[in-house]
Amino acid sequence: MNTLANFLPQHLQQHNLPAELGNVLETVTAACCAINNKVRLGALAGVLGMAGTGNVQGEDQKKLDVIANDILIEALKNNPNVGGLASEEEDSFVACHENGGYLVLFDPLDGSSNIDVNISVGTIFSILAKPEGTLTTESFLQKGRNQVAAGYVLYGPQTQLVLTLKHGVFVFTLNEQGEFVETQSQPKIAAATQEFAVNMSNQRHWQPPVQQYIAELLAGKEGVRGKNYNMRWVASMVAEIHRILMRGGVFMYPQDKRDPSKPGKLRLMYEANPMSLILEQAGGAASNAHQAMLDIQPEGLHQRVAVFMGSSEEVAYINNLHQND
Ligand code: P6P
């Protein structure tokens, strides 16, 4: 039984990675265990419902959004290897330890609209090396390919941690003793799929290439794609991406004509980039339909982006449709 506590030092040594990175990951995953304990109890812990506050995204916060955010911030601020953090729930970055070598960015509880109806939610995290010099917002605005680690914890029927340090993807399941035990190593995403995930209620607001792409999928075997497709939409990115990691598929949240100022709904730094690193490490692909997600130069901590990610054949097909647009 390979626990995370055994896996990390072995993996770090095998790939000549700093022990401090492992220490930061231990802090993040321990905080997620504390979040898991709250999520699992729901009403019994009085953590359901609205917090009565809003965040920088203009979203009403759930109580568990705030609780998860506070747990992560408290834990990371107590780790001397953390130079700074950025959260979906915080307007700006939070400076931690001056000599901390890592920056941690996170969505503390993704999919929180699902909490009160008992559908899977998750924590998404991204880790960057802290650049030399004074910590500023620009210290965080690094391309996704610069991430040194990324992962998520899915609070689903099982509580699972999916982690990459850029040497493959590893899946752990939380046991009854509160330990993450490795249950799958190096999952690979099939290049082809017959399953897509999109919120179809936005269909009339999509750009023409996305309209065409989805219409072709819906045409099934009789259409140009020559096969039938199934659809899933959980409205929890962590759950969608985990399903795709396990059985393939393509997930998208396209740009919406309703608000041209927003290139998409999902956030680049702590949703799209960490998920893109995981998917690329598992043989998948991720883009905004014009360039690889991990190559986008960030311009703001809470920057939104159009998202197409999963099985590489589908992402390539979508990119191609946009090139001809
Ligand atoms: P919609 C959750 O709020 C989230 O950020 C992602 O986890 C999810 O994929 C998406 O938004 C759901 O958006 O518009 O379908 O509610």
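Quickly run through the stretch 304-325 and pick out the residues that are within 25 Å of D259 (Cα to Cα) and surrounded by fewer than 16 Cβ atoms within 10 Å (Cβ to Cβ).
In the first step, residues of the stretch 304-325 are kept if they are within 25 Å of D259 (Cα to Cα); the result is 304-309, 315, 318-325.
N320, Q323, N324, D325 - these are the residues of the stretch 304-325 that are within 25 Å of D259 (Cα to Cα) and surrounded by fewer than 16 Cβ atoms within 10 Å (Cβ to Cβ).
Filter the stretch 33-92 down to the residues that are open to solvent by less than 30 Å² (accessible area, probe 1.4 Å) and farther than 15 Å from P108 by Cα and list them by number.
The answer is G42, G49, N79, V82, G83, G84.
Those residues that are of a type outside the set (D, E, K, R) and within 16 Å of the ligand (Cβ to nearest atom), I need them from the stretch 93-112; list them, please.
Residues of the stretch 93-112 that are of a type outside the set (D, E, K, R), as a first pass: 93-97, 99-106, 108-109, 111-112.
Across the stretch 93-112, the qualifying residues are L105, F106, P108, L109, G111, S112.
Being surrounded by 15 or more Cβ atoms within 10 Å (Cβ to Cβ) and either over 25 Å from A149 (Cβ atoms) or of a type in the set (G, A, S) (or both) is the filter here; which residues of the stretch 173-204 pass it?
A190, A191, T193, Q194, E195, F196, A197, V198, N202
Taking the conditions exactly as written (among the polar types (S, T, N, Q) and part of a loop (DSSP other than H, G, I, E, B)), does S92 satisfy them or not? If you could, list the steps in order and put the result at the bottom.
Values: among the polar types (S, T, N, Q): yes; part of a loop (DSSP other than H, G, I, E, B): yes.
Answer is yes for this residue.
Going by the structure shown, is G133 assigned by TED's automatic domain parsing to the domain that holds V47, part of a strand (DSSP E or B) and either modelled with pLDDT of 95 or more or not aromatic (F, W, Y) (or both)?
In short, no.
State the number of residues belonging to the stretch 289-300 that are under 15 Å from the mean Cα position of the chain (by Cα) and outside any helix (DSSP H, G or I). Steps first, answer last, please.
Of all residues in the stretch 289-300, those under 15 Å from the mean Cα position of the chain (by Cα) come to 293-294.
Next cut, outside any helix (DSSP H, G or I) only: none.
Going through the stretch 289-300 one residue at a time, the tally reaches 0.
Answer with yes or no whether G283 is open to solvent by 10 Å² or more (accessible area, probe 1.4 Å), within 18 Å of the chain's Cα centre (by Cα) and in the same structural domain as H242 (by TED's automatic domain parsing).
Working: open to solvent by 10 Å² or more (accessible area, probe 1.4 Å): yes; within 18 Å of the chain's Cα centre (by Cα): yes; in the same structural domain as H242 (by TED's automatic domain parsing): yes.
Taking the combined requirement at face value, the residue satisfies it.
Pick out, from the stretch 174-274, the strands (runs of 3 or more DSSP E) lying fully within it that include 3 or more residues that are within 11 Å of the ligand (Cβ to nearest atom).
Numbers: elements: 180-185, 195-197, 250-253.
Result: 250-253.
Please pick out the residue among L294, L301 that is modelled with pLDDT of 95 or more, under 18 Å from D107 (Cα atoms) and open to solvent by less than 10 Å² (accessible area, probe 1.4 Å).
Working: L301 fails: open to solvent by less than 10 Å² (accessible area, probe 1.4 Å).
Answer to the check: L294.
If I ask for residues that are touching an Asp or Glu at 6+ places or on another chain (Cβ under 8 Å) and open to solvent by 10 Å² or more (accessible area, probe 1.4 Å), which ones from the stretch 142-172 would you list?
Within the stretch 142-172, K143, R145, F170 meet the criteria.
Could you please let me know if M252 is within 16 Å of Y317 (Cα to Cα) and open to solvent by less than 30 Å² (accessible area, probe 1.4 Å)? I'd like the intermediate steps shown before the answer.
Details: within 16 Å of Y317 (Cα to Cα): yes; open to solvent by less than 30 Å² (accessible area, probe 1.4 Å): yes.
Yes, satisfied.
The values are calculated or read from the model by the stated rules, or taken from the named source; none is laboratory data. The structure presented is a predicted model; accordingly, all values stated were derived computationally and were not measured. We place every Cβ from the backbone using ideal geometry, glycine too, and count neighbours over all the protein chains shown. Just the protein is used for accessible areas: all its heavy atoms, side chains included, with ligands, DNA and RNA removed. Shrake-Rupley method; radii C 1.70, N 1.55, O 1.52, S 1.80 Å.
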